[in-house]
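Notes follow once the structure below has been shown.
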Amino acid sequence: DYATDDGSLVEITPDERATMLKKALNLSELSKYWHVDTPGRDPLRLVRTPLVPEQPLTMFGSPVKWIDQKDAQKSSAFFTVTKLEATKTTATLAFTYPIEGVVGTATFKRREGAPEWRLEKSDVRER
């Protein structure tokens with residue numbers, strides 16, 4: 001029942017944040033932008049942010065590399081989570097992959113009281 005979501009923000013646990021990040025990284029719409037055969041794309045570089053916990057992740061069969069914002073140079077490939085917030089039943093994760101000019105969002109839903117966030121929809125586009 002989605003009716004009792006009053007739109008106020010709720011806390012998201014580090015595990016939930018990590019799961020949402022993994023689901024966003026694995027969006028099928030993003031796969032054409034990774035270009036893993038291009039130098040500098042594998043391992044994937046993720047920018048450290050308080051929005052998602054820094055934990056071991058694997059992309060393209062390699063461990064991702066967490067980098068500081070100051071190391072995220074325009075000419076290099078890196079993925080940044082720019083927003084992650086949730087109400088009781090809806091969560092939104094926004095991201096950028098600047099080297100490809102890509103911005104996107106992943107929207108997650110969960111039923112009232114249910115533990116699991118499910119990917120509801122995604123929007124990936126070139127700026």
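As an equivalent ellipsoid, the chain spans semi-axes of 27, 14, 13 angstrom, where each value is the square root of five times an eigenvalue of the C-alpha gyration tensor, largest first. For the range 1-54, just list the percent of Cα-Cα distances falling in each 10 Å bin from zero outward, please. Going out from 0 Å in 10 Å bins, the range 1-54 shows 18, 36, 30, 12, 4 percent. The tail of the calculated P(r) for the range 40-95, taken as Cα-Cα distances beyond 17 Å, holds 43 percent of the pairs. Counting 0.36 nm for each residue step from residue 85 to residue 118 and taking away their Cα separation leaves a gain of 10.4 nm. For the chain, modelled as a GNM whose springs connect Cα atoms under 10 angstrom apart, the maximal fluctuation among 45, 111, 17 occurs at 111.
Expressed as a whole percent, the accessible surface of the chain that belongs to carbon and sulfur atoms is 50, based on a 1.4 Å probe. When +1 charges are put on Lys and Arg Cβ atoms and -1 charges on Asp and Glu Cβ atoms, the dipole computed for the chain relative to its Cα centre reaches about 340 debye.
Averaging sequence separations of C-alpha pairs under 8 Å and six or more residues apart, then dividing by the length of the chain, give the relative contact order as a whole percent. List each step's numbers first, then the result.
Details: 222 pairs, mean separation 30.7, N = 127.
Reported as a whole number, the value is 24 percent.
Helix 14-25 and the long axis of the chain differ in direction by around 60°, with both axes built from C-alpha atoms. For the range 43-100, GluC sites (Glu not before Pro) are listed when DSSP marks them as loop and at most 14 other Cβ atoms sit within 10 Å of their Cβ; the list is 54.
For n ≥ 4 DSSP H runs only, could you compute -39500 (n - 2.57) per run for the chain, divide by its residues and tell me the 222 nm figure to the nearest 500?
When only DSSP H runs of four or more count, the value is -3500 deg cm²/dmol.
Against the criterion of solvent-accessible heavy-atom surface with a 1.4 angstrom probe, 9, 119 sort, most first, into 9, 119. Rolling a 1.4 Å probe over the protein heavy atoms gives the chain an accessible area of 56 Å² per residue. Largest accessible area first, the residues 64, 36 order themselves as 36, 64 under a 1.4 Å probe with ligands, DNA and RNA left out.
The values are calculated or read from the model by the stated rules, or taken from the named source; none is laboratory data. Since the structure is predicted, the reported quantities are computational estimates derived from the model, not experimental observations. With ideal geometry, Cβ positions are generated from the backbone for all residues, glycine too; neighbour counts draw on all protein chains shown. Quick note on the areas: whole protein, heavy atoms, side chains included, nothing else; ligands and nucleic acids left out. Shrake-Rupley method; radii C 1.70, N 1.55, O 1.52, S 1.80 Å.
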